[in-house]
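*Asks:* Could you have a look at this structure, given as structure tokens, before my questions?
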Amino acid sequence: MNVIDENTAARGARSQRMRPLLLACALAGMAALACKDDDGGNGPTPTAAPGFATTPGSSPAQTRLEELPAVVVVVRDAFLQRDVEQLVGLTSPVSLPCVAEVTDKVRGPVCPAGVSPGTAVQALPFAVCQGGWTTDFREAFARMTERAGRLAVVAEMGKAPADWPQAYTYGDLLLVFEPRDEPKSIDAVAIYVEDGRIVRAQNGCRTVEGFINQGNPKPTVLWLAP
């Protein structure tokens, strides 16, 4: 798969207006993180961590899923139904110049077949065990919906770290799906949402708890599956 694994939504429109200099700086920031994967990766490298973390006094079990932003239920239902087209339609990609090959010095989404290096492409920040991008949104979501079971956690991401690369959208909300076959395994699926659109995804390499315990500060749990 060509990892660069989305519309005319607000964030997609803003991403398409990024200036070349800003893109170059963002990609340089990705290089500083020294991440790479099989899908043209350059994003932050995921790490596993045990146990859930909630903020003091929070009661995620008391929050009804319907009380959260409507996109949460829409994404959950699309995963349950394996509705790849619905997920593609919800995706807000970034516009970045593609590269022929990802190396230690050259980073970015890999050019689709027939596209020349340096051409701007629509790419979704997408990780497996290390960060990257995908331009094949349908294949990426097909793989994730095959792996994902029930929605396990919804959390608020909070503010992005100061050194977070601009080209790798952070997201406001995190939706984590248990692995379909082995719920406690490292095959959990994460969808990151911002302004009601899917802006980033990760297919495996962490447990559900690992996704919730990432970052500093950690995501704030808003809802837990009963």
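The values are calculated or read from the model by the stated rules, or taken from the named source; none is laboratory data. None of these values were measured; they are calculated from a predicted model. Don't worry about glycine lacking a Cβ; one is built from the backbone with ideal geometry, like all the others, and counts go over all protein chains shown.
*Asks:* Within the range 148-167, does at least one residue satisfy the condition of being in a helix (DSSP H, G or I) and among the polar types (S, T, N, Q)? Give the derivation first.
*Replies:* Filtering the range 148-167 for residues in a helix (DSSP H, G or I) gives none.
No, there is no match, as no residue in the range 148-167 is in a helix (DSSP H, G or I) and among the polar types (S, T, N, Q).
*Asks:* Hey, could you check the range 142-175 for residues that are at pLDDT 90 or above and polar (S, T, N, Q) and say which is nearest to the chain's Cα centre (by Cα)?
*Replies:* Only one residue tops the list, namely 169.
*Asks:* Could I ask something else about it? Every residue in the range 100-120 that is buried (at least 21 other Cβ atoms within 10 Å of the Cβ) and not basic (Lys, Arg), please.
*Replies:* Listed by number, the residues that qualify are 102, 108, 109, 110, 111.
*Asks:* Quick check on the range 74-97: of everything there that is touching a Leu at 6+ places or on another chain (Cβ under 8 Å) and β-branched (Val, Ile, Thr), which residue is surrounded by the fewest Cβ atoms within 10 Å (Cβ to Cβ)?
*Replies:* 74
*Asks:* I'd like the full set of residues that are at pLDDT 95 or above and assigned to a loop (DSSP other than H, G, I, E, B), limited to the range 66-108.
*Replies:* Correct list: 68, 69, 81, 82, 83, 92, 93, 98.
*Asks:* While we're on this one: Evaluate the following for residue 141: is it touching a Ser or Thr at 6+ places or on another chain (Cβ under 9 Å), of a type in the set (Phe, Trp, Tyr) and part of a helix (DSSP H, G or I)?
*Replies:* yes
*Asks:* Another question, if that's okay. Can you find even one residue in the range 200-221 that is under 16 Å from the mean Cα position of the chain (by Cα), hydrophobic (A, V, I, L, M, F, W, C) and part of a strand (DSSP E or B)?
*Replies:* Yes - at least one qualifying residue is present in the range 200-221.
*Asks:* Look at residue 119 and say whether it is more than 14 Å from the chain's Cα centre (by Cα) and among the hydroxyl-bearing types (Ser, Thr, Tyr).
*Replies:* yes
*Asks:* Limited to the range 176-191, what total is found for residues that are out of contact with any Cys (no Cβ under 7 Å at 6 or more places or on another chain) and surrounded by fewer than 19 Cβ atoms within 10 Å (Cβ to Cβ)?
*Replies:* Total meeting the criteria: 6.
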